[in-house]
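Since every read-out is calculated from the coordinates, none of them should be taken as a lab result. Model, not experiment: these values are computed from the prediction. Cβ sites come from the backbone with ideal geometry, for glycine too, and all protein chains shown count toward neighbours.
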Amino acid sequence: MNKRLSDIKNRFINRNGLLDLYFKVYIILLLIFSVNQSLAQPKDGFSEIDVLHYKARIWPDIGNKTIKGKVSIQFLVKEARPSGIMLDCGDLTIDSVYNRHEAVSFNVTNRQLHLDMKNNIQSGQTYELVISYHGNPRRGISFSPSIQQVFTVFHTSHWLVCKDHPDDKATLQLNLVVPEGLQVVSTGALTGKTALPDGRIDYQWHQPTAVPTYIFGFAIGSFRRHVDDQGRIKLSFFGRDYSEHELARIFQETWGMLKFFEDRAGVPYPGTTFSLILAEGNISQEMADFAILRNSYGKQVLGNEIDINLAAHELAHQWWGNHITCLNWQHFWLNEGFAVFMSSAYKEFRFGIEEYLKDIDNYFQAYEKVAARDADKSLVFDNWDNPSADDRILVYYKGAYVLHLLRNKLGEDAFWKGIRIYSRSNFGKSVVSADLQQAMEEASGGSLETFFKKWVY
């Protein structure tokens, strides 16, 4: 492997400076749907809270591209501060806020909901607010009225009032009221559905494991569906433009991916269902228990069965990202660099070392172009409020390349032992880069301070 790494450093597959189609499309997606969002962190005298549970009912109007919602938010006040409570609300219009049966005064500034509760809260106590709202979201949700399709993507606070910060994990009960005849997928497990007098269906989903809000979500549409139910986990594949037979072919590697990631993490898949959905447009996004993939991915795989990085990437997030989550966006590479690397590690396992090395070569080229522009940075960012295109390349592709270098430095046994230690000890937790370093040092029995200072910090 060390010799091959040397070969990679001295040669390039794409001398014309273009990444292959997968990488070009992925970078475009990152440019459009950046991680630039407001974070509900305690500041300016606002109370520090820990949200425990969301109970929401959402009425999406696909034709008008609008939503109406009502959410009950249960939270613990960790430290009461004089300015009251702050939550994220995107561009939503807030209609009312109630604490029990008492109306709460509020104002909205910079996509944040400020609640005047300074005289009504105490540290160490649990409270529950009920918030009604409506809006015409410009991000966080994608409507396609012509094909009766809508799905969410990343910016949860634009369709659900919440504390939108990666280290604040909560459980969720989500009711979705949708027209009859459409398929519905959401975070968690379907626990019931009720036919309403107006012809719509009220679907109830429950996410019993606390996860960060950015992976709350849903998808609604007129999809065909292929189910692969082997007992322990029910896999479902959805697409509008593909037959059930084609869906089975497109996602035939999913079981292999799932078992591979379970083995590498040393942690079983945490749910009982997983769905992959081919949706309109060029958007791809992991969410708890399902993932949205750009519609063209189906044709890509039907044309080349090895070109499965995108599905592998999003499935890998069910471990690295969804349940082992960066404490804050400064350590975002622990989500994305891992998912990129693991997608290629699966390709090596399934299709051989040459396919893995082609991917690593592409990651190195992407990173080297950034470095050549003198735009290289540490993987731990000082500030992720306004990431550039180069910044995103670094967390995805430099991050994956650094994991490859670490693999070569430690050797197979110590590296994968370290991945298991890291994954097992931090599953369900929020992490920083020092947690990875500690796990790898434990596995290898030596200091990695020099390596992490050079490549990570």
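Points to keep in mind about this one:
- Residues with amide H under 5 Å from that of residue 287, placed H, sequence gap 5 or more: 292
- Summarised in one figure, the compactness ratio Rg/Rh of the chain, Cα atoms and Kirkwood Rh, is 0.97.
- Proximity of backbone amide H atoms, modeled 1.01 Å from N, is registered between residue 305 and no other residue at under 5 Å, excluding neighbours fewer than 5 places apart on the same chain.
- Scalar couplings 3J(HN,Hα) for segment 350-360, obtained by applying the Karplus form with A = 6.51, B = -1.76, C = 1.60 to θ = phi - 60°, are 8, 10, x, 4, 5, 5, 4, 5, 4, 5, 4 Hz; x denotes Gly and Pro.
- Each residue of segment 297-305 is assigned a 3J(HN,Hα), and the resulting list reads 4, x, 5, 4, 6, 4, x, 8, 5 Hz, derived from the Karplus form 6.51 cos²θ - 1.76 cosθ + 1.60 (θ = phi - 60°), x at Gly and Pro.
- Shape category assigned to segment 224-316 from the gyration tensor of Cα positions, a/c cut at 1.5: prolate
- Averaging Cα coordinates gives a centre for segment 218-282 and one for segment 62-130; these two points are 36 Å apart.
- Taking 1.002 mPa s as the viscosity and 20 °C as the temperature, the Stokes-Einstein diffusion coefficient of segment 58-125 based on its alpha-carbon Kirkwood radius rounds to 158 µm²/s.
- Helix 254-265 axis, angle to the chain major axis (alpha carbon atoms, nearest 10°): 80 degrees
- Among the chymotrypsin sites (Phe, Trp or Tyr not before Pro) within segment 363-426, not one is in coil by DSSP while having at most 13 neighbouring Cβ atoms inside 10 Å.
- At an R0 of 56 angstrom, the distance between the Cβ atoms of residue 453 and residue 101 translates into a FRET efficiency of 0.50.
- Just so you know, the Rg over Rh for segment 48-221 is 0.97, from Cα atoms, with Rh as the Kirkwood radius.
- In degrees, nearest ten, helix 399-410 long axis to first principal axis of the chain (Cα): 50 degrees
- The H on the amide N of residue 431, modeled in the peptide plane, is under 5 Å from the matching H of 325, 326, 327, each at least 5 residues off or on a different chain.
- Using alpha-carbon coordinates, inclination of helix 433-444 to the longest axis of the chain, degrees: 40 degrees
- Compactness relative to 2.2 N^0.38 Å, alpha carbon Rg of segment 303-420: 1.05
- Couplings 3J(HN,Hα) for segment 242-252, derived from phi with the Karplus relation 6.51 cos²θ - 1.76 cosθ + 1.60 (θ = phi - 60°), are 10, 6, 4, 4, 5, 4, 4, 5, 4, 10, 5 Hz, where x marks Gly and Pro.
- Relative to the current alpha-carbon distance between residue 53 and residue 351, full extension at 0.36 nm per residue lengthens the span by 103.0 nm.
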